[in-house]
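Mind having a look at this structure? Questions to follow.
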Amino acid sequence: MEWLISEDPIIACSSGNNENTAISLLRISGLKNFKLLNSLFNKDLNNLVPRKASFIKIVDKSHVIDEVVLTFFKGPHSYNGENILELAVHGNPINVRRIIELFKKHGVREANPGEITYRALRNNKMTLTQVEGLDTLLNAGSIDLFDNGMSHLSGELQKEYLNLRDSYLNLRGAIEILIDFSEDVGEEQSSKLFKDHFENFKSLIHILKRRTRSPRSHLLKPKVVLLGVTNAGKSTLFNKLLEEKRSIVSEIKGTTRDYISEYFSHEGAEFQVVDTAGLRESEDEIEVEGIKLSKELYSDAFYKILVINPFLSDELGVDSLEADAVVFTHSDLKGFDDKVRDFDNLSGNSKRFSLGPIGPLLELGPIGPESKTGPIGPESKLGPIGPESEIGPIGPQEGGPIEPLGLLKNHIYRKYSDLMAEKPILPDRQRNIINSLATMVDGISQLIDGVNDPAILSNEINMLDAEVNGLLGITTSDDVLNNIFSNFCIGK
Ligand SMILES: Nc1nc2c(ncn2[C@@H]2O[C@H](COP(=O)(O)OP(=O)(O)OP(=O)(O)O)[C@@H](O)[C@H]2O)c(=O)[nH]1
Ligand SMILES: [Mg+2]
């Protein structure tokens, strides 16, 4: 944590240095002057014109190491307020490494993750919410998320928190009036003023609290988890979602014994889909562990899919599990509709989908005497079944009806986009503060209804101060800062 106060000149590759690319961007931040590095270039750095790119050679004892484009950003007019040299070097990792090592030998230290940005915070070039926004956008797995991070980076969130702070200061003012000046202003009026300001503050907190409803992990990497008994058809569905034969499908019960996860994209959002070990009683230690893990993953999932083969007698045991969607497999088999009726009471709020082995990706073996016609095409039994299954408008239906898999993906995406509409991407640090503010404000609300002593209320209201400041990042301990910046990649 010493680096939080360090002013050493630091170097980092800001463009990621593990791949062979045309260009890599190195940044050197914090040079007070060019004495340390002047001998490493073929031109005098003191002649550099700020913000003007120069073609220059890096030399080590008259040996030319690389020809690069160098731009000097003179502090305070730079990304983090310090003098910054940006070097666009040839992007072979071997070259990048050699240049970093060369500068290190000349007194420039390699930066810690996030250290360059931390200095922007230290020099008031960025606020903590902007830094956290940057973290979100750099690690975003979807365009929605990126946009969210971008809006925080551009200061939108900070504006909301400043607005909250204004409301808080008004509230503080109102309680002071109630205590000291109610005789001048009039008791009724000062009491009304206080209540109005309190309601305003409380409503702002509750609007923010709504945004903390779903765990951040659900939104950063939304997990879609499939669960069901052995042979329900989970791996078959998993492969269909991925459009790839990734998980082993077989008629042997207990084929999948550990979980397998992969990513698929839909409408620009990336979902992690997890195939799990089939549920059953087992003596096998490894399988038992796999089943335990599967259940944990399912209970923590963003989107839970219960997979059911209605022809299996042991399926009825899973009906107590909650689910976002229930997928009935084997819809190609004769008697499917009758079998599905046995599950009419299952998971009231879940959407229902029926799937047969559609599409060319899944070469299912012979399906046995019960089967009607084998794999079904898009014209056959389609889409959700039963009265529960209305998915609502699905948008323009180009090229005929959307097959059930598409409907399922739409439903997953819909849950995600509905959540995103609440702008829920707040870092855990901010979420914790908001939740604690909400609890405190609800407590004060009860006090206002009960006790009428303004001095007691004033005391409680003063206690909100640290939390509101914390939200704005005004008072933030070294531990918190260290935690935030450790998420950053080196070079940011
Ligand atoms: N006819 C038909 N067969 C299916 C369908 N879905 C899966 N199957 C078959 O059912 C068997 C089991 O499918 P899997 O996808 O391996 O089932 P699972 O739930 O992953 O099973 P475990 O890994 O053992 O838990 C395989 O033989 C599949 O070919 C379907 O919709 N129709
Ligand atoms: Mg399986």
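Every residue in the range 211-243 that is within 12 Å of ligand 2 (Cβ to nearest atom) and either of a type in the set (Ser, Thr, Tyr) or at pLDDT below 90 (or both), please. Working first, answer last.
Residues of the range 211-243 that are within 12 Å of ligand 2 (Cβ to nearest atom), as a first pass: 226-239.
Result: 230, 235, 236.
While we're here: Would you confirm whether any residue within the range 161-176 is touching a Pro at 6+ places or on another chain (Cβ under 7 Å) and crowded, with 17+ Cβ neighbours inside 10 Å? Let's see the steps before the verdict.
Here is the first cut: in the range 161-176, the ones touching a Pro at 6+ places or on another chain (Cβ under 7 Å) are 175.
Among the residues that remain, those that are also crowded, with 17+ Cβ neighbours inside 10 Å are: 175.
Yes.
Let me ask another. For the range 179-207, how many residues meet the condition of being among the hydrophobic types (A, V, I, L, M, F, W, C) and open to solvent by 30 Å² or more (accessible area, probe 1.4 Å)?
Narrowing the range 179-207 to residues among the hydrophobic types (A, V, I, L, M, F, W, C): 179, 181, 185, 193-194, 198, 201, 204-205, 207.
After this cut, where a residue has to be open to solvent by 30 Å² or more (accessible area, probe 1.4 Å) as well, the list is 179, 181, 185, 193, 204, 207.
Number of matching residues: 6.
Take residue 71 and decide whether it is touching a residue at least 12 places away in the same chain (Cβ under 8 Å), crowded, with 22+ Cβ neighbours inside 10 Å and more than 22 Å from residue 3 (Cβ to Cβ).
On the way: touching a residue at least 12 places away in the same chain (Cβ under 8 Å): yes; crowded, with 22+ Cβ neighbours inside 10 Å: no; more than 22 Å from residue 3 (Cβ to Cβ): yes.
Considered against the rule, which asks whether it is touching a residue at least 12 places away in the same chain (Cβ under 8 Å), crowded, with 22+ Cβ neighbours inside 10 Å and more than 22 Å from residue 3 (Cβ to Cβ), residue 71 comes out as no.
Considering the range 420-459 alone, what residues qualify as being open to solvent by 30 Å² or more (accessible area, probe 1.4 Å), under 25 Å from residue 158 (Cα atoms) and assigned to a helix (DSSP H, G or I)?
Across the range 420-459, the qualifying residues are 428, 429, 432, 435, 436, 439, 440, 442.
Further question: Exactly one condition in (1) crowded, with 20+ Cβ neighbours inside 10 Å; (2) touching a residue at least 40 places away in the same chain (Cβ under 8 Å) is not met by residue 210; state its number.
(1)
So which residues in the range 268-288 are at pLDDT below 90, open to solvent by 30 Å² or more (accessible area, probe 1.4 Å) and either closer than 29 Å to residue 219 by Cβ or away from ligand 1 (no atom under 14 Å from the Cβ) (or both), if there are any at all?
268, 270, 283
Does the range 244-251 include one or more residues that are assigned to a strand (DSSP E or B), within 16 Å of ligand 2 (Cβ to nearest atom) and at pLDDT 90 or above?
Going residue by residue through the range 244-251, those that are assigned to a strand (DSSP E or B) are none.
Looking through the range 244-251, none of the residues is assigned to a strand (DSSP E or B), within 16 Å of ligand 2 (Cβ to nearest atom) and at pLDDT 90 or above.
Turning to a different aspect of this structure: Restricting to the range 7-50, give me the number of residues that are assigned to a loop (DSSP other than H, G, I, E, B) and in contact (Cβ under 8 Å) with a residue 24 or more places away in the chain.
18
Which residues, taken from the range 231-259, are open to solvent by 40 Å² or more (accessible area, probe 1.4 Å) and under 25 Å from the mean Cα position of the chain (by Cα)? Step through it out loud before you land on a result.
Restricting attention to the range 231-259, the residues satisfying the condition of being open to solvent by 40 Å² or more (accessible area, probe 1.4 Å) are 231, 243-246, 248-253, 255, 257-259.
Answer for the range 231-259, where residues must be open to solvent by 40 Å² or more (accessible area, probe 1.4 Å) and under 25 Å from the mean Cα position of the chain (by Cα): 243, 259.
Looking only at residues that are of a type in the set (D, E, K, R) and touching a residue at least 12 places away in the same chain (Cβ under 8 Å) in the range 51-68, which one is farthest from residue 14 (Cα to Cα)?
As a first pass, look at the range 51-68 and keep what is of a type in the set (D, E, K, R): 51-52, 57, 60-61, 66-67.
So of that shortlist, the ones also touching a residue at least 12 places away in the same chain (Cβ under 8 Å) come out as 51-52, 57, 60, 66-67.
Details: 51: 18, 52: 19, 57: 20, 60: 23, 66: 18, 67: 18 Å.
Across the range 51-68, the extreme among qualifying residues is 60.
Additional query: Does the range 56-76 contain at least one residue that is modelled with pLDDT under 95, within 30 Å of residue 153 (Cα to Cα) and not β-branched (Val, Ile, Thr)?
Checked against the condition, which is being modelled with pLDDT under 95, within 30 Å of residue 153 (Cα to Cα) and not β-branched (Val, Ile, Thr), the range 56-76 yields at least one hit.
Working only within the range 74-112, note down all residues that are farther than 12 Å from residue 30 by Cβ, charged (D, E, K, R) and open to solvent by 50 Å² or more (accessible area, probe 1.4 Å).
74, 97, 98, 101, 104, 105, 110 - these are the residues of the range 74-112 that are farther than 12 Å from residue 30 by Cβ, charged (D, E, K, R) and open to solvent by 50 Å² or more (accessible area, probe 1.4 Å).
Which ranges mark the strands (runs of 3 or more DSSP E) fully within the range 271-356 that have 1 or more residues being within 16 Å of ligand 2 (Cβ to nearest atom) and of a type in the set (A, V, I, L, M, F, W, C)? Talk me through it step by step, then tell me what you get.
Details: elements: 303-308, 325-328, 351-354.
Answer list for the range 271-356: 303-308, 325-328.
Considering only the range 122-134, state which residues are touching a residue at least 60 places away in the same chain (Cβ under 8 Å) and surrounded by 22 or more Cβ atoms within 10 Å (Cβ to Cβ).
Listed by number, the residues that qualify are 128, 129, 131, 132.
In addition: Quick test for you: out of 193, 241, 171, pick the one residue that is in contact with a strand residue (DSSP E or B) (Cβ under 9 Å, 6 or more places away or on another chain), part of a helix (DSSP H, G or I) and of a type outside the set (S, T, N, Q). Working first, answer last.
Numbers: 193 fails: in contact with a strand residue (DSSP E or B) (Cβ under 9 Å, 6 or more places away or on another chain); 171 fails: in contact with a strand residue (DSSP E or B) (Cβ under 9 Å, 6 or more places away or on another chain).
Result: 241 is the single residue among 193, 241, 171 that is in contact with a strand residue (DSSP E or B) (Cβ under 9 Å, 6 or more places away or on another chain), part of a helix (DSSP H, G or I) and of a type outside the set (S, T, N, Q).
The values are calculated or read from the model by the stated rules, or taken from the named source; none is laboratory data. Bear in mind the structure is a predicted one, so any value in this text is a computation, not a measurement. Here Cβ is always computed from backbone atoms with ideal geometry, including for glycine, and neighbour counts include all displayed protein chains. Ligands, DNA and RNA are stripped out before the accessible areas are found, and what is left, the full protein with its side chains, is counted by its heavy atoms. Shrake-Rupley method; radii C 1.70, N 1.55, O 1.52, S 1.80 Å.
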